[in-house]
Each structure stands twice: as C-alpha cells, then as structure tokens.
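**Student:** Just passing along the structure, written as structure tokens.
The values are calculated or read from the model by the stated rules, or taken from the named source; none is laboratory data. Since we're looking at a predicted model, the values are computed, not measured. Here the Cβ positions follow ideal geometry from the backbone for every residue, glycine too, while neighbour counts run over all protein chains shown.
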Amino acid sequence: MPPRAADFPAFSPRFPWRGRDAQTLRNFLIGPRVSPADRGGERLDFEMPDGTGDRLCGDLSRPLRSDGERPLIVLIHGLSGCEESPYMLASARYFLSHGYPVLRLNLRGSVPTQPHCREHYHAGRGEDLAAVLEQLGNRAEAAAGIVPIGFSLGGNMLLGFLARRGADVPIPAAISVSAPIDLAGAAERFLQPRNRFYHAWILRHMKRDALAARDLDPRKARAIQGARTIYEFDDRVVAPGNGFASAQEYYRQCSAARYLAEISVPTLVIHALDDPWIPASAYLDVSWEDNPNLTPLLCERGGHVGFHDAAGTWHNRMAERFIARASSREA
C-alpha cells in the first residue's frame, strides 16, 4: 500500500511568495537555476503508431552520480508548455541531483514537436503517453521502472492514462501536480474577472501552438483565430478535431475525476485548494478513501504548480519521498 498523507510534512509558503498568485507566478518571474545536466542531454524521438506520421520528442538527462538503481522520471508538461517550461527545468534539476535519470517529454503539437506533428495533444490523449512509455521500456535507464510526473493538464492526462493503461507499463509510482481533474469547472473558473490575465495569456499561447501545426486546414485556422475564450477554443477546435461533439462532451469524457477509482498504480495527487485556476470542489468532492492506491496531498495554499517554501519546491521533495517509499526505499 502506498504511503498516506499523514506521512508527509505540511506545505508552508515562504516570503515573499505568500498568496496564490505569487505562488503561481514565481516560476515565471524567477526562472530555475539551470545546471549543465539539465540541457544538452540525449534527444529522443517517439513515433506515434496511429498512422499520422506525428513524432514526439524529449530530452533525456542522466545524473552525474547515483548511489543505486533509480527509476526513470518522465516529466509531462501542462497546457501550452514544453520541455523548457520553468517547472519542468526545476523538477529535472531536482531529480537529477538526487540520482534519477530524467526525460522532459514534449507532447504532440507543443513547440519542439511542431515541425513533426499535424495533430495536437489534449486532456485525454493518454494513448500518446502509452506509446512513449512503451518505447522507453527497453532502455537501460528504465531498468528500475518508469515514474511519470504530470503537471496541470499533463497531470489530468496522466491520471486518465493510469486508469486505462497503467497496469500495462512497469510504473512503480506516479505523481500528479495541480491537475484540472474537472475540466468544465476549470474552464468556467478561467472566465472569472480575477483570472482575465491568466485567461488571455493561456488562450494566446493555445492559439499560437495550434496555428503552428503542419498542413493546417484554412477552416480550422479561422476557428482557432476566432475563439474568444478557452471554452470556445475547446468547443470549436479541440472537440471537433478529436471526435467529441462539443466542449462539454470533451470535458465529460476526459476529466480525470471520473476515473480515479480505477487507478491501480500507487499515485501521489498533489493539489492546492487555493489554486486560482481550479475550483477546490474538484478535489474536495472526491471520495479518496475509495481507492487505497491514491495518496492525496491537498494543501490549503500553494497556487498552481507553485509550492515554493523555505527549502525550495515542496512538491518535488514530496514526490521523491513518495517514490522512495512506494518502492520500499527510504528517501
């Protein structure tokens, strides 16, 4: 059985990153300290087996020192992110310093994959993750297993994948950070006046990434350009492009909350109840005790993919502790 929430120390934000917005924006205001090991790693390509010809890519870095076998950490970015997102670099740096090999994965249609992709990732496209993990399975770095860590939308994708396909891959543990497990609730939250800056920024980057797709149909390009909200973008672009009748059906089918009870992999679920992008009710309404494979760490504070405290980034330390204990190895 995976460790329980009581096994982990509580999160306490540090000055000056006290409020939800300060926690959320800190990585963008002050980027991570980047070590040489974070960059210049081995470039990996992953062919997608769906006949599209699309190809994902990632940066695989190996630790300078390791005191024993460690699973391969696969970092999965969120909406409009990529391998260069500040939280991806910060987490890679942390795990490399603790002896883990790390892959920073770029999802389909993110900036580094755009020259090689016609299609785009979405909140429920777990089959892409399945293909990547299958291709990684034969590598020496994965001899001790693979631990995927999903951030934000990547966390929702990961949780859905774990429910459907998690038993098919040697995954000793998995971690989700700030996942929008109720997609409809998150889309509605973005429309609140307090989030207008966040909404405008994310929508602009969603449009940028979608317009960069190879062989883009002119009709689709007009739909992308004409979307005034994230909801309209999902309703006019994401849903019809992926076989959903509407944004509401897309949200319903791909929200991870409906699949949590089916996850059989030890999974740490980290979330801050003051997340400005995701309603607290998405997590408070879950009957976590129904699935002993899930360990929810629900903090009163922390923002969205924030968790900056006096010792650095709390969610990375909790993830390392969870991985160690889930694999019967003390951190």
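**Student:** How about region 210-235: which of its residues are more than 20 Å from Arg196 (Cβ to Cβ), within 25 Å of the chain's Cα centre (by Cα) and at pLDDT 95 or above?
**Tutor:** Ile224
**Student:** For the structure I just gave you, tell me whether Ile270 is in contact (Cβ under 8 Å) with a residue 24 or more places away in the chain, in contact with a strand residue (DSSP E or B) (Cβ under 8 Å, 6 or more places away or on another chain) and more than 24 Å from Tyr87 (Cα to Cα). Reasoning before the result, please.
**Tutor:** Working: in contact (Cβ under 8 Å) with a residue 24 or more places away in the chain: yes; in contact with a strand residue (DSSP E or B) (Cβ under 8 Å, 6 or more places away or on another chain): yes; more than 24 Å from Tyr87 (Cα to Cα): no.
Considered against the rule, which asks whether it is in contact (Cβ under 8 Å) with a residue 24 or more places away in the chain, in contact with a strand residue (DSSP E or B) (Cβ under 8 Å, 6 or more places away or on another chain) and more than 24 Å from Tyr87 (Cα to Cα), Ile270 comes out as no.
**Student:** Kindly list the number of the only condition in (1) closer than 25 Å to Asp235 by Cβ; (2) touching a residue at least 60 places away in the same chain (Cβ under 8 Å) that fails for Ala143.
**Tutor:** In the conditions (1) closer than 25 Å to Asp235 by Cβ; (2) touching a residue at least 60 places away in the same chain (Cβ under 8 Å), Ala143 misses (1) alone.
**Student:** Residues in region 302-331 that are in a loop (DSSP other than H, G, I, E, B), modelled with pLDDT of 90 or more and either hydrophobic (A, V, I, L, M, F, W, C) or surrounded by fewer than 19 Cβ atoms within 10 Å (Cβ to Cβ) (or both): how many?
**Tutor:** Applying the first criterion (in a loop (DSSP other than H, G, I, E, B)) to region 302-331 yields 302-307, 310-311, 327-331.
Then drop every residue that is not modelled with pLDDT of 90 or more, which leaves 302-307, 310-311.
In the following step, the residues that additionally are either hydrophobic (A, V, I, L, M, F, W, C) or surrounded by fewer than 19 Cβ atoms within 10 Å (Cβ to Cβ) (or both) were identified as 305, 307, 310-311.
The total comes to 4.
**Student:** Among the numbered criteria (1) outside the structural domain of His116 (by TED's automatic domain parsing); (2) surrounded by fewer than 21 Cβ atoms within 10 Å (Cβ to Cβ), which one does Arg164 miss?
**Tutor:** Here Arg164 meets the rest and fails (1).
**Student:** Let me ask something else about it. Looking at Tyr231, Tyr250, Tyr198, can you tell me which residue is closer than 27 Å to Asp275 by Cα and surrounded by 20 or more Cβ atoms within 10 Å (Cβ to Cβ)?
**Tutor:** Numbers: Tyr231 fails: surrounded by 20 or more Cβ atoms within 10 Å (Cβ to Cβ); Tyr198 fails: surrounded by 20 or more Cβ atoms within 10 Å (Cβ to Cβ).
Answer to the check: Tyr250.
**Student:** Any residue in region 166-192 that is in contact (Cβ under 8 Å) with a residue 40 or more places away in the chain sitting within a Cβ distance under 6 Å of a residue that is assigned to a helix (DSSP H, G or I) and hydroxyl-bearing (Ser, Thr, Tyr)? List the pairs, counting only those 6 or more apart or interchain.
**Tutor:** Within 6 Å, the pairs are Leu183/Tyr251; Ala184/Tyr251; Ala187/Tyr231.
**Student:** Could you pull out the residue among Leu203, Leu216 that is exposed (fewer than 15 other Cβ atoms within 10 Å of the Cβ) and not assigned by TED's automatic domain parsing to the domain that holds Ser281? Let's see the steps before the verdict.
**Tutor:** Details: Leu203 fails: exposed (fewer than 15 other Cβ atoms within 10 Å of the Cβ).
Within the list Leu203, Leu216, the selection yields Leu216.
**Student:** From the list Pro276, Pro240, which one is in a helix (DSSP H, G or I), surrounded by 14 or more Cβ atoms within 10 Å (Cβ to Cβ) and not aromatic (Phe, Trp, Tyr)? Can you show your working first?
**Tutor:** Working: Pro276 fails: in a helix (DSSP H, G or I).
That would be Pro240, the only listed residue that is in a helix (DSSP H, G or I), surrounded by 14 or more Cβ atoms within 10 Å (Cβ to Cβ) and not aromatic (Phe, Trp, Tyr).
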